[in-house]
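Asker: Right, I'll just put the structure down here and ask away after.
Every number here is computed from the coordinates shown, using simple stated rules; none is lab data. In this text the structure is predicted, and so the values were computed from the model without any measurement. Don't worry about glycine lacking a Cβ; one is built from the backbone with ideal geometry, like all the others, and counts go over all protein chains shown.
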């Protein structure tokens with residue numbers, strides 16, 4: 001490397017010279033900056049909107065292409081207020097202006113089921129590639145557009161404006177990719193956690209799977225049994241939520257889950273902890289349902305009272321709270337709320353329902369949940385307890 005050090009140094013100097021010399025000659029700055037301000041304001045606004053659309057579209061298309069290269073089908077593509085989704089082997093497009101609150105887009109992969117290690121690792125590789133490909137492409141695209149403007153097209157005012165906004169959105173998207181919250185992860189953050197945290201990887205993969213196979217259930221349960229019944233780390237909660245939902249509506253008993261549900265009943269602060277984060281409110285519901293399904297009616301109703309108190313303290317819109325209360329009461333058989341729950345404008349289980357409401361699965365899943373469940377047949381032990 002030392003042998004070619006001087007040559008590399010000269011090459012870098014020449015490249016920097018080619019880029020920077022125009023700054024001091026031939027009216028470069030006047031053409032670049034003057035051209036930017038010479039265009040009427042309304043053109044700036046139009047280029048701002050166009051650049052934002054292009055930046056979001058290309059970012060999401062990179063996610064999509066990465067999935068397809070890895071052999072993963074796509075369920076839906078969301079770009080600003082455009083929703084493109086597959087239903088019954090046909091593609092549809094809708095406009096949902098509520099999605100503007102999302103401020104970007106989303107790609108939802110379609111994974112029917114996972115029945116073996118090979119498929120699991122293939123899906124994991126696809127998600128990992130998609131997570132890292134989009135932010136890297138955004139950086140590269142922003143660099144190329146900006147470089148072309150600075151080197152070749154500095155005397156084209158409209159291209160300069162477009163380039164400026166692309167550069168701005170590149171910075172914005174890159175910063176967002178490095179941010180994580182309780183509800184979502186930026187691409188870079190998600191990629192890093194996905195590679196390092198097996199539980200996070202499993203929960204991300206599971207949320208995209210349509211049907212849980214025996215292999216998948218065994219994989220989920222293998223992580224649950226690693227933790228004592230009294231241990232509820234945040235990384236475990238999405239997996240617990242999935243398992244509770246499955247065993248409630250597939251009518252399957254699971255003693256370790258019942259032990260955990262009973263433990264939550266005896267330690268009500270855990271329910272309060274779950275409900276502090278909106279994403280875990282369904283877990284609180286499932287625990288109540290599972291107690292009831294196992295004929296522990298009094299425990300379920302006592303926990304439901306706790307649920308109502310905690311929900312009242314949450315900073316959620318009133319419509320979300322009303323829906324969740326009516327839904328839980330209805331599923332427990334305490335009241336008949338089917339008319340209210342059947343109206344699409346009322347179906348708002350979370351503040352982020354607007355993201356998925358354009359997809360057929362959203363209302364179908366809520367409808368299936370609202371149909372409730374059958375309780376397990378009472379055993380001798382159940383009768384003795386009651």
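Asker: For the chain, take the longest principal axis of its alpha carbons; what is the angle in degrees between that and the long axis of helix 318-331, to the nearest 10 within 0 to 90?
Answerer: Long axis of 318-331 versus the principal axis of the chain: about 40 degrees.
Asker: Viscosity 1.002 mPa s, temperature 20 °C: give me the Stokes-Einstein translational D for segment 39-225 in µm²/s, with Rh taken as the Kirkwood radius over C-alpha pairs.
Answerer: 118 µm²/s
Asker: Now for a different question. Could you please tell me the mean projected area of the C-alpha convex hull for the chain, averaged over all directions and given in square nanometres to one decimal?
Answerer: 25.8 nm²
Asker: In nm, to one decimal, how far is the modelled label at residue 315 from the one at residue 251, with both set 7 Å along Cα→Cβ?
Answerer: 4.4 nm
Asker: Using the reciprocal of the averaged 1/r over all distinct C-alpha pairs, how large is the Kirkwood radius of segment 227-385 in Å?
Answerer: In segment 227-385 this quantity evaluates to 16.1 Å.
Asker: How many angstrom lie between the Cα centre of segment 194-239 and the Cα centre of segment 244-274?
Answerer: If we compute the Cα centre of each part, the gap is 15 Å.
Asker: With a cut-off of 8 Å between alpha carbons and a minimum separation of six or more residues, what is the relative contact order of segment 259-386 in percent?
Answerer: 24 percent
Asker: From Cα pairs below 8 angstrom and at least 6 apart in sequence, can you work out the relative contact order of the chain, rounded to a whole percent? Please list the in-between numbers first.
Answerer: On the way: 418 pairs, mean separation 51.6, N = 386.
Contact order relative to length: 13 percent.
Asker: Modelling each spin label as a point 7 Å along the Cα-to-Cβ direction, I'd like the residue 57/residue 171 distance in nm, to one decimal.
Answerer: 2.5 nm
Asker: May I ask you to compute the full-extension gain from residue 45 to residue 122, defined as 0.36 nm times their residue separation minus their alpha-carbon distance, rounded to one decimal in nm? Display every interim value, and only then the final one.
Answerer: Numbers: separation 77, 0.36 × 77 = 27.72 nm, distance 4.33 nm.
Extra length from residue 45 to residue 122 when fully extended: 23.4 nm.
Asker: So how far, in whole Å, is the C-alpha centre of segment 132-147 from the one of segment 281-295?
Answerer: One Cα centre to the other: 46 Å.
Asker: Ok, one more. Round to the nearest 10 and give me the degree value, 0 to 90, for the angle of helix 281-293's Cα axis relative to the longest principal axis of the chain.
Answerer: Compared with the principal axis, the helix lies near 20 degrees.
Asker: I've got another one for you. Taking 8 Å as the Cα distance limit and 6 or more residues as the minimum spacing, I'd like the relative contact order of segment 244-325 as a percentage.
Answerer: 29 percent
Asker: Nearest 500 deg cm²/dmol is fine: what mean residue ellipticity at 222 nm does the chain get from its DSSP H runs of n ≥ 4 alone, each adding -39,500 (n - 2.57), divided by its residue count?
Answerer: Calculated from helices alone, the mean residue ellipticity at 222 nm is -19500 deg cm²/dmol.
Asker: I'd like the orientation of helix 5-20 relative to the chain: the angle between its Cα long axis and the longest Cα principal axis, in ° from 0 to 90, rounded to 10.
Answerer: 80 degrees
Asker: Where both partners of a DSSP beta bridge lie in the chain, what percent of those bridges are antiparallel, to the nearest 5?
Answerer: The antiparallel fraction comes to roughly 95 percent.
Asker: Place the peptides 284-293, 190-199 in order of packing, highest mean first, counting for every residue the other Cβ atoms within 10 Å and averaging per peptide.
Answerer: 284-293, 190-199
Asker: Return the Cα extents of segment 118-238 along principal axes one, two and three, sorted largest first, each rounded to a whole Å.
Answerer: Computed over the Cα atoms, the extents are 67, 30, 22 Å.
Asker: So the label point goes 7 Å from the Cα of residue 322 along Cα→C-beta, right? Which residues of segment 339-359 then have their backbone N under 20 Å from it?
Answerer: Only 339-355, 357 fall inside the zone, counting backbone N under 20 Å.
Asker: Would you mind getting me the FRET efficiency between residue 340 and residue 140? Use the beta-carbon distance for r and R0 = 41 Å, nearest 0.05.
Answerer: 0.25
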